[in-house]
There are 2 protein chains.
Amino acid sequence: MLVRTCCNKFISAVKSSVEYRIICKKSDFTKNIYNVNRRNFNKLEARHFQFFKDILGGERMITDQEEMRSYNEEWMRCVKGISSMALKPKTTEEVSKILKFCNDNNLAVCPYGGNTGLVGGAIPVFDEIVLSAELMNEILNVDENSGVVVCQAGCILENLDNKVAEIGLMIPLDLGAKGSCHIGGNVATNAGGLKLFRYGNLHGNVLGLEVVLADGTVLDCMSSFKKDNTGYHLKNIFIGSEGTLGFITKVALQCPPRANSITLAFLGLQNFERVLRTFKKAKQDLGEILSAFEVLDTPTMEFVNERLKMNSPIGDFPYYLLIETSGSNEEHDSDKLHQFLESCMEKELVLDGTVATEPHKINAIWSIREKIPDVFKDCGYLFCYDVSLPLENYYVLVDDMTQHMGKLAKKVFGFGHMGDSNLHLQVEVDEFTREIKNHIEPFIFERTKQLNGSISAEHGMGFLKARYLNLARPYNTVKAMENLKKLFDPSGIMNPYKVLPW
Amino acid sequence: MLVRTCCNKFISAVKSSVEYRIICKKSDFTKNIYNVNRRNFNKLEARHFQFFKDILGGERMITDQEEMRSYNEEWMRCVKGISSMALKPKTTEEVSKILKFCNDNNLAVCPYGGNTGLVGGAIPVFDEIVLSAELMNEILNVDENSGVVVCQAGCILENLDNKVAEIGLMIPLDLGAKGSCHIGGNVATNAGGLKLFRYGNLHGNVLGLEVVLADGTVLDCMSSFKKDNTGYHLKNIFIGSEGTLGFITKVALQCPPRANSITLAFLGLQNFERVLRTFKKAKQDLGEILSAFEVLDTPTMEFVNERLKMNSPIGDFPYYLLIETSGSNEEHDSDKLHQFLESCMEKELVLDGTVATEPHKINAIWSIREKIPDVFKDCGYLFCYDVSLPLENYYVLVDDMTQHMGKLAKKVFGFGHMGDSNLHLQVEVDEFTREIKNHIEPFIFERTKQLNGSISAEHGMGFLKARYLNLARPYNTVKAMENLKKLFDPSGIMNPYKVLPW
């Protein structure tokens, strides 16, 4: 079994660390940096503290300033809140009582999972009460027959995966943060990750949810069935709503069989037209076993070589592909991959390549891709973007950006989950200035739109991106989102200043 | 390439035909049979007709009584409305103008797709204006690179599938009604079908929607990307909402590669415990190529033998399985299936079996499963149920029902999409009586709940099941659904009397 860092995470990490360097060296709070106005929520009083203490006892109610630090800062320190209390319920009933009380007393709440979201979604902006799922970590049922796991929302993704691995299944979600992220947070943010290409998104894989609404109502949308058409599919409203519509307390997930064999190819190609043809061919030839299709460009590979002394195992080429297969029969999978590669060579799609079937070799090749964040750690200022693009325009944006930046950029890097049409574009400059930012940002969003792309791909809006929702979605759509918020949380106590423009 | 009738459809057809025999021999309208009260909508006046004529012209506005018959009756004739007008817009803008006008003038609307839903969802109950998508049938884009098709909602499923087949892709949805059902209707009803087991549900496969709301607002939730987390996932609210929250005008769907090879096994087994073990083994051994796992019991197979003179190709056994594989390499797939079967035989899970790899043989074996509706055509009255159950309880319900009915039933049949935990249970009696119905219905719903199942599996609520929503979902959940309806359609003009209890 492979253990690898998902690139989602490290791209985000790079992005956030950059913002941190730009923003957080001011050592200030989010509210000051972004000039946010506190909404008219009540402030915590002694009687509020007493109520929560009566429910949870002293141990599950954090008020110590030192202890509160981890609840007030994103681990990359790009946002910083001033909350004075974190609550750690264990049951749905406790969550319900807490939210009802907060709603009745106009106290704002910040749902908190594993703190791995990286867009400031789980960190209070002001003094919101932190409502942590960390003690709601019971795996309630694993149905060996149908392959469905039911658990509390605070279960750590890796624990769930280990649990279902015991019976030959897997969680169809893989993130670098899997050792600390919560399944409830994953669902709330519609987390993507590397397995999405093969196993689909959480809207398809989540079979049931239990959610507590702002007023304490427990919304039972639980189901363990792939087919369950009884009324509106309410659970899907909460997938990707980032704790702003309700607090997810339970999750039912379908789990596919765990792959017995994994093979990995690392290939060098001449141009992007051949990258595209190779992708289409891979989908046809590898079909049901294709599990990852990642691309790196020359600047990225050169940077990896230069900074980490990790050389390409196949020499230097304009583009590099990592193609992974996962299947149930090693011999068949290897056979398919070799047939595919031979055919690629014959058609001169691929100039050179290497294939790994043993775990340590696979890990060695994957590490080239995984080490990218380390590479960027010590470079100049980095502007990072996460977009989806139609594949024929996938690399056009990188070329356009390179041309647009001219000498203003030290380098422009393009790489990403090409199988999901998801590009990570990064621009390295000597140092951050407002002028350079303004030179990049109107351009990249407008150009992405011209190329029929999406300016936000696999990350939630959180706090950091909420301001840009109007750029990404039409007026009527944003209006409908605001109406949905009013329906489920009329007082607006659930995770204020997140997702929707503030 | 196989062409087969999806069992979803024929089970529904059997169910509806039975209801037809029970109900429609009264030759009456839905409103009378079910004693429904017409809500306080306005009736069509000359000025309304003129407005619609100005938009659509005479040809796309049907008012002829004879022509209206097909819009007023479900093709199985289990429901019958009294609408006097059907409108056939071609564009989103026309839909928007029509709905705005209807909303402003308090005129009820019944969205109409391919009329294949079979639960009365697309047929007016009273004089609702029928809004048909049949002329909105343009395929707008097929992205060969990413495998995404974008089309208007009235495209016929089979046409879409044929279109993407040209470039080696498939629509991840297969229904018996595919020659006439619309993709918009499929999405609106969250249609299941046989491919759901392998390719997942529409919440996972639909990437974008355009929807017109009751007040004419065009809600643009279009996207062609697997990763697009920009705000709430509004599109999912409309998947499975059966036209009661808005009218779907455009759909973007992801399309997987078309399978190159299909193999089919027909197996005989001793008892349900071995059926279950075989299912788990099939998931492990066949992994990524397993594409169908269907079960039939002895009464069902005997009925097929008796009525259609179609014998089991392997002799008589208590349970029969149809296991299909679909993959990209015929040799590999066949190899996997044979290894799996040999191992099943060795472990004495399976008593006998046959495998087909040639299309005509595959079709011959599938036809045993497909012919079940023909079998039931001439039997006594049939009560039909479509439930999901945890697999360990999958057949318990059939045994319990058999015992519960005693001599009241001629036979109890159990078969279905076991891979999706979806059981079709049918009870044959000499003739329909209220007493027998009352003997069955409280029992089956209560017992299904006791067995942790769902009383509604792959069908929408439509008109016929809307009354039972309160049985299937908790109070708070139904309340939230009603609030959602009020949010998107405050006047309640969109498909009244459907989905929610009336």
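Worth a mention:
- Computed over chain A: relative contact order in percent, which uses C-alpha pairs under 8 Å that are six or more apart: 17 percent
- Burial ranking of peptide ranges A:388-396, A:96-104 (average Cβ count within 10 Å, highest at the top): A:388-396, A:96-104
- Against chain B, whose longest principal axis comes from its Cα atoms, helix B:396-405 is set at around 80 degrees.
- Rounded, prolate or oblate (a/c below 1.5 giving rounded, otherwise prolate when a/b exceeds b/c) for region A:131-183 by Cα gyration tensor: oblate
- Compared with the dominant principal axis of the Cα atoms in chain B, helix B:475-488 is inclined by about 40°.
- Of the residues A:Gly154, A:Tyr199, A:Gly176, the one whose Cα sits farthest towards the positive end of the charge dipole of region A:139-254 is A:Tyr199 (charges of +1 on Lys and Arg Cβ, -1 on Asp and Glu Cβ, taken about the Cα centre).
- For the rotational copy pair A/B, the chain A residue whose Cβ lies nearest the symmetry axis, together with its distance in Å, is A:Gly204, 1.
- Average beta carbon contacts from partner chains per residue of B:492-502, 10 Å cutoff: 1
- Tilt relative to chain B, helix B:298-308 - C-alpha long axis, 0 to 90 degrees, to 10: 80 degrees
- Across peptide A:280-291, the mean count of Cβ atoms from other chains lying within 10 Å of each residue's own Cβ comes to 6.
- Shape call, region B:369-466: gyration tensor on alpha carbons, a/c limit 1.5: rounded
- Using a 7 Å projection from Cα along Cα-to-Cβ, the label point at A:Asn311 is separated from the same position in the remaining copies by 7.1 nm, smallest value first.
- Local electrostatic count, B:Ile156, Cβ distance below 11 Å [Lys/Arg +1, Asp/Glu -1]: -1
- Burial ranking of peptide ranges B:126-138, B:105-117 (average Cβ count within 10 Å, highest at the top): B:105-117, B:126-138
- Looking at chain A, the DSSP beta bridges with both ends there are about 90 percent antiparallel.
- With each label modelled as a point 7 angstrom along the Cα→C-beta vector, the A:Ile82-A:Ile33 pair spans 1.6 nm.
- Region A:29-134 - percent relative contact order, Cα under 8 Å, separation 6 or more: 32 percent
- When you count the other C-beta atoms within 10 angstrom of each residue and take the mean per peptide, A:42-48, B:48-54 line up highest first as B:48-54, A:42-48.
- Once the C-beta distance of B:Arg277 and A:Leu140 is scaled by a Förster radius of 25 Å, the resulting FRET efficiency is 0.55 to the nearest 0.05.
- Pair B:Ser343, B:Lys309: separation of 7 Å Cα→Cβ label points (nm): 4.2 nm
- Among residues other than B:Gly81 with Cβ under 9 Å from its Cβ, the summed charge is -1 (Lys and Arg +1, Asp and Glu -1).
- Straight-line cross-link reach from A:Lys411 at under 17 Å between alpha-carbon atoms covers these lysines, not counting any fewer than eight positions away in the same chain: A:Lys15, A:Lys377, A:Lys437.
- Distances in nm from A:Asn141 to the matching label points in the other copies, shortest first (labels 7 Å along Cα to Cβ): 4.3
- Counting Cβ atoms of other protein chains within 10 Å of each Cβ in A:468-477 and taking the mean gives 4.
- Region A:240-282 shape via C-alpha gyration tensor axes, a/c threshold 1.5: oblate
- Here the label points at A:Glu330 and A:Glu358, each 7 Å from Cα along the C-beta direction, are separated by 1.1 nm in the simple model.
Values in this text are rule-based calculations from the coordinates and carry no lab data. Everything numeric here is computed off the predicted structure, so don't read it as measured data. No Cβ is skipped: glycine too gets one built from the backbone with ideal geometry, and neighbour counts run over all protein chains shown.
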